[in-house]
Protein chains: 4
Amino acid sequence: MKKIKVAILGAYGYTGLELIRILINHQFVEIVELVANSNAGQKISQIFPHLNHFNLPVLKKIEDIDFSKIDAVFGCLPHTASQATFLDLLTKENGKYSHLKIIDLSADFRLENPDDYKHWYEHDHLAISLQKTAVYGLPEINRNLIKKSSLVANPGCYPTSVLLPLIPLLRNQLITVDSIIIDSKSGTSGAGRSLKTNNLFCEVNESVKAYSVGKHRHIGEIEQELSKANGSKVLIEFTPHLLPINRGIISTIYVNFAKNYQIDDLQNCLNTFYDDEFFVTLTDSEPNIKNVASTNLCEISVKRGRKNNQAIIVSVIDNLCKGASGQAVQNFNIMFGFDENTALKFAPTFP
Amino acid sequence: MKKIKVAILGAYGYTGLELIRILINHQFVEIVELVANSNAGQKISQIFPHLNHFNLPVLKKIEDIDFSKIDAVFGCLPHTASQATFLDLLTKENGKYSHLKIIDLSADFRLENPDDYKHWYEHDHLAISLQKTAVYGLPEINRNLIKKSSLVANPGCYPTSVLLPLIPLLRNQLITVDSIIIDSKSGTSGAGRSLKTNNLFCEVNESVKAYSVGKHRHIGEIEQELSKANGSKVLIEFTPHLLPINRGIISTIYVNFAKNYQIDDLQNCLNTFYDDEFFVTLTDSEPNIKNVASTNLCEISVKRGRKNNQAIIVSVIDNLCKGASGQAVQNFNIMFGFDENTALKFAPTFP
Amino acid sequence: MKKIKVAILGAYGYTGLELIRILINHQFVEIVELVANSNAGQKISQIFPHLNHFNLPVLKKIEDIDFSKIDAVFGCLPHTASQATFLDLLTKENGKYSHLKIIDLSADFRLENPDDYKHWYEHDHLAISLQKTAVYGLPEINRNLIKKSSLVANPGCYPTSVLLPLIPLLRNQLITVDSIIIDSKSGTSGAGRSLKTNNLFCEVNESVKAYSVGKHRHIGEIEQELSKANGSKVLIEFTPHLLPINRGIISTIYVNFAKNYQIDDLQNCLNTFYDDEFFVTLTDSEPNIKNVASTNLCEISVKRGRKNNQAIIVSVIDNLCKGASGQAVQNFNIMFGFDENTALKFAPTFP
Amino acid sequence: MKKIKVAILGAYGYTGLELIRILINHQFVEIVELVANSNAGQKISQIFPHLNHFNLPVLKKIEDIDFSKIDAVFGCLPHTASQATFLDLLTKENGKYSHLKIIDLSADFRLENPDDYKHWYEHDHLAISLQKTAVYGLPEINRNLIKKSSLVANPGCYPTSVLLPLIPLLRNQLITVDSIIIDSKSGTSGAGRSLKTNNLFCEVNESVKAYSVGKHRHIGEIEQELSKANGSKVLIEFTPHLLPINRGIISTIYVNFAKNYQIDDLQNCLNTFYDDEFFVTLTDSEPNIKNVASTNLCEISVKRGRKNNQAIIVSVIDNLCKGASGQAVQNFNIMFGFDENTALKFAPTFP
């Protein structure tokens, strides 16, 4: 079988590295280009010696890539850079590279409404025409759209952990729309490799803090998808926290049952919805980041709260894998017709 | 000045060790007895070599202590054991040792209503008469009662982090009673030194989980004190999480404003309430466990949520210090008329 | 192609779990039996919910296994138990199960000389006849012997990190025999899942200590293999340390050059020796546990010391993978004629 | 009693913060100036909110300080900057500020020989005249010199952990001079707060690496002091490692006994030497970073190695406290005639 020729833009960051980790073992993929403008000319193993042992292409500038020889592109560029780059690639020169299938891991194509984009990212979107063609790449929810799409907006890490449990519940009107409170905690790799004092080992280690209280950008994305599931506008409360671990997100979600429903109804709904899914599981025990770290899995529990009408939903994922690069490969598999879990069937490293 | 002669019961555990750390530098205290039945006869530095450098009494069995020579007792026994022990000490033999001032760090004397105790701890209370005389030892709230008390029930760690911000708000009716959702995260020392697979390094490290969802025992204690502040029964939602750090609690609390109030009203209320307090501070920045680790401090922020009527309160303490032994010494200082921050004025070790 | 039917004895511990993680993706393996006497009857996912997502056999007692239907056995039993078990399996009932190929991860078959075994493990070996047939399973050194063996003694974790760099140097007489000093540091998973206060999160976290100074059992194994490489008895100095990380070993080794040799000679020797090896690499940069964590890789650097005739060798592996279960699968692959890196070609999870 | 007026230059870094933590509780000290050029005008609690609770002077530029009102200066400036600054202060304007007592925590005044300085720091020393007057501030070794000094060069962190055990042994000729191999491991706070990718949480966490193999700058300092103790030039082997913990150094030191000596002789030598010292203790158990973290203590063990004539010495300190700011306060106490452990009698926070 002919392998799909893949380019990774922004191979330098944690999501790029996670893509490389996964795709190295994808039997139908050949990584033919790695783009990292600031380190062009270097071998990636000069920067990341742990890749010594694998044959990988030399890092290049984007202008030195011949995209006519590429089948699929994973975008790991910062937001804004991503929309400019793909606009160029797909629409300039009479759509010269319109054959490309793109999975974009940035936030650039996730928000359907340009006003929403402007509200959360504080500038005008540069590629509104493209944005219209993008599909929100949550495979368990949008599989059929993804299959036919050429531009998949890979969901954010927090949203993935929140939407997987909430969308089926809202679609089935099992919970009240105005009651949703989401308390999320993420490992530090979610902050990327950027040089900030806040991300230094000694500042993060042995500590936890809340940040962006009431105004984190992922709120826009979560509310958009929940509103679609609900059929009308949903507002949420969302607080992210920084954890002293490398990988993993745990989201604790408080919801009220809709009238006449019980905890069993919520559990049954999710059990049914995810029954055939490889990557999502309902559990009676306590979801634990360790259970999913370094995998594309999502574990969810639904328990009765202290109050009669309240449920507490806990969901765990690996922010770099199911929350980013693993889900991107899952989308890739769907787009190219491979088994959805190709190259993604790994068990967590435990401990 | 004559020093207060102090005994610590249960010197073996983390709260006992934290008491020793603090009291070693208390100018008005002499640690005269350390009780640890299972290691009686040993020097504590044989078990905890880090105490090599300090002169401390040999560990003894409780029956070998002459309590007539003791002024104050810190109880660090497991619950149930604590109520039995103090019943013996204070009421047997015609109240022979009724001169003792006791600060009990167990849960045994915190719940005023024996039915509540039975509900949460699943057996009858053995010392109901004593329990009636106990004062809930949250100094910023109950200072005057503590001053006159001989038996102080030192609050739990989670409750301390929750009650400090919520009691003033409820007393002033600034928040709605039925809206309180508390998402707490604690360092692993909160689980003590007991040998459980769940507490092994490799199981805790690089992971986070929720536990006792909807039914943690501290709910009883929190609801009791909030109900008193409110004047009628308060029900809460409370989810504790286990963090891969040694010390520290961060509680993220979601509340709705009562009608006609704004975020400023909540902030002003707490600012005013804690203006003269050494250990509690309102902050505009993000409370961070690192800011209070190894101290008796509590930092609180109050921020607007995403929704119009919602506030997100974040509070951080050190679970072993302000959440246990530091607060116990604060109570001791009040009971004996010392400056409340004697031996407690340390800045956090940063980083 | 017919799959090899595999049983894992002692599936309950960290090395058993790591075997499961690897073998799940081994295209030529079917895990047909998991043995864990104390949890027989349970599904392994009841104990390790992270294995929820994979189809695995129910845990059984060893007496309930029909070994005539098994091709290969991985032994993850404690030492002593291992020798008794395999003696039974292989020699009782007229060698009924002598068709089995065994990879034993315990220390039981590593020491060739029964006196050495008795010295380090403080009791007589129970299966001296078997021990004689065992091959020390360090694939890069003993590949040809392993190929023909039915009983492979999988090396210890510390020894693997030490022997890979030192054996080629000693064989080529590039270093002086009496100068070897080994300072090793290991992640806490090396201590297994046993319930000891020393292994509790709060005791290990934010600390490092040396242990078994001058007398760790792995000394016997290291000296045996170095002596064989050298042609005469080698004595070493070896100090293990406990690190607050889950996985990984870093060994820093101090050696003197033999006369007339330089640092380049040592580097060239190892470069040549490992040139064709997939799992072992010489590097000019600083070997870092992160570079090899969760993989079967070993990274080695050789640098000039401060003194003229001294080299400092640094070697890193993952103690559970190349130091245990990964190497066991590598041995399995050799024994059954598969590509040596089958199911072992994963890149490290970074970060 | 009149308090000593203290200025801290470079209050912004970890050693400056640790000085503040300690001096806040020094009954004979008033912190009157905090110098941090780049943040002049701010309150330090704006940068470090954990200092909210303490009254501290506003940050200033050094040119805005009136040093005539200062008694003692703690220098926490980077090397090179330190020598220039103190040259200015002490020698310009007819020695206007020659009344100052200075404890310099940089490396600038530690190396007595300007050639050594140039060799290790790769530029000419700018204040050779001052350097001649500096005393190497290891109190247990140089107490009498420190007492009379106005310029104390506070030792490096690694050197402190190494010199305390080795100087008495060398002075008494109990070990062979050419056998010393030092394998040290340090917490990440030793790298300071500088923004380097290598110091990011995700890069340090769950990893350990060796660095500056064979050429770390502290070699110069260690060899200088060991040579003085020995009476002739000592060369050492020294390898530092980076640990994923905030604080602490563990140095494992390999030495050969001099002829006719035994392990007991080494133990007795150190026991005698440190018998009256508050901060240094010999132990039979395993020194553990946790035993000394956040304190000014040093714990040392001396054990027999595997080889007949070899001893393995393990020493632990807190790199920021006994390895920097705690030792600086100890020096300050000596210089001003206070009890040496004033403000330094704290037990470690355990766990």
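Every number in this text was worked out from the coordinates using simple rules, so none of it is lab data. In this text the structure is predicted, and so the values were computed from the model without any measurement. Neighbour counts are summed over all protein chains in view; Cβ atoms, including those assigned to glycine, are modelled from backbone coordinates with ideal geometry.
The table that follows gives values for the structure above.
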{"quantity": "At R0 = 51 Å, FRET efficiency that the Cβ-Cβ distance of C:SER98 and B:PHE54 yields, to 0.05", "calculated": "0.20"}
{"quantity": "Values of log10 I(q)/I(0), in the order q = 0.12 Å⁻¹, for chain D under a Debye, Cα-only, solvent-free model", "calculated": "-0.86"}
{"quantity": "Residue order, fewest to most surrounding Cβ atoms within 10 angstrom, among C:LEU243, D:LEU111", "calculated": "D:LEU111, C:LEU243"}
{"quantity": "Cβ-Cβ FRET estimate between A:SER285 and C:SER68, R0 fixed at 56 Å, reported to 0.05", "calculated": "0.95"}
{"quantity": "Within straight-line cross-link reach of B:LYS69, aspartates and glutamates at Cα separation under 18 Å, skipping those fewer than 8 residues along the same chain", "calculated": "B:GLU30, B:GLU33, B:ASP88, B:GLU93"}
{"quantity": "Shielding score for D:209-219, defined as the mean number of other chain Cβ atoms within 10 Å", "calculated": "5"}
{"quantity": "Copies compared at C:SER285 - label distances in nm, ascending, label defined 7 Å from Cα in the Cβ direction", "calculated": "3.3, 3.7, 4.1"}
{"quantity": "Label distances, nm, D:THR272 versus same residue in remaining copies, Cβ-directed 7 Å point", "calculated": "5.3, 7.1, 8.5"}
{"quantity": "Residue and distance (whole Å) for the chain B Cβ nearest the axis that superposes B on A", "calculated": "B:ASP183, 2"}
{"quantity": "Three-way shape label, segment A:118-178, alpha-carbon gyration tensor, a/c 1.5", "calculated": "oblate"}
{"quantity": "Per-copy distances of the C:ALA84 label point, shortest first, in nm (7 angstrom along Cα→Cβ)", "calculated": "3.7, 7.1, 7.3"}
{"quantity": "Ordering of B:186-192, A:15-21 by burial proxy (mean other Cβ atoms within 10 Å per residue, highest first)", "calculated": "A:15-21, B:186-192"}
{"quantity": "Length-normalised contact order for chain B - Cα pairs under 8 Å, 6+ apart - percent", "calculated": "17 percent"}
{"quantity": "Residue order, fewest to most beta carbons within 10 Å, for D:ASP275, A:ASP104, D:ASP71", "calculated": "D:ASP275, D:ASP71, A:ASP104"}
{"quantity": "Estimated FRET transfer efficiency (D:GLU277, D:LYS148; beta-carbon r; R0 22 Å; 0.05)", "calculated": "0.65"}
{"quantity": "Rg and Dmax [Cα atoms of segment D:97-212; Å; Rg one decimal, Dmax integer]", "calculated": "17.1, 49"}
{"quantity": "Kirkwood Rh and Cα Rg combined as Rg over Rh, evaluated for segment A:31-144", "calculated": "1.01"}
{"quantity": "Near-label residues of segment A:307-332 by backbone N, under 16 Å of a point 7 Å along Cα→Cβ of B:LEU235", "calculated": "A:307-312"}
{"quantity": "Per-residue mean of C-beta atoms belonging to partner chains within 10 Å, peptide A:302-309", "calculated": "5"}
{"quantity": "Stretch gain in nm, segment C:SER38-C:ASN341, where the contour uses 0.36 nm per residue and the Cα spacing is subtracted", "calculated": "105.8 nm"}
{"quantity": "Helix A:81-95 vs. chain A, principal-axis angle (Cα, 0 to 90°, nearest 10)", "calculated": "60 degrees"}
{"quantity": "Approximate shape of the protein assembly as shown as ellipsoid semi-axes (Cα gyration tensor, √5λ), whole Å, largest first", "calculated": "45, 44, 35"}
{"quantity": "Distance violations [Cα-Cα > 21 Å] among D:LYS3/D:LYS322; D:LYS5/D:LYS147; A:LYS92/A:LYS132; A:LYS60/C:LYS290; C:LYS61/C:LYS147", "calculated": "D:LYS3/D:LYS322; A:LYS60/C:LYS290; C:LYS61/C:LYS147"}
{"quantity": "Farthest positive-ward along chain B dipole, Cα basis, beta-carbon charges - from B:VAL292, B:THR239, B:THR133", "calculated": "B:VAL292"}
{"quantity": "Spin-label model distance (nm) - D:ARG171 vs A:THR176, 7 Å beyond Cα toward Cβ", "calculated": "7.6 nm"}
{"quantity": "Cα lying deepest toward the dipole's positive end in chain D, options D:TYR261, D:VAL152, D:ILE44, charges on Cβ", "calculated": "D:ILE44"}
{"quantity": "Exposure proxy order (Cβ contacts within 10 Å, fewest to most) of B:ILE181, C:ILE146", "calculated": "C:ILE146, B:ILE181"}
{"quantity": "Under 17 Å from the D:ASP264 label point (7 Å along Cα→beta-carbon), backbone N, segment D:279-296", "calculated": "D:284"}
{"quantity": "Inter-chain shielding of A:44-51 (mean C-beta neighbours from other protein chains, 10 Å cut-off)", "calculated": "5"}
{"quantity": "Normalised contact order of segment C:153-278, rounded percent, pairs of Cα under 8 Å and 6 or more residues apart", "calculated": "43 percent"}
{"quantity": "About the Cα centre, charge dipole magnitude for segment A:158-318 (Lys/Arg +1, Asp/Glu -1 at Cβ), debye", "calculated": "500 debye"}
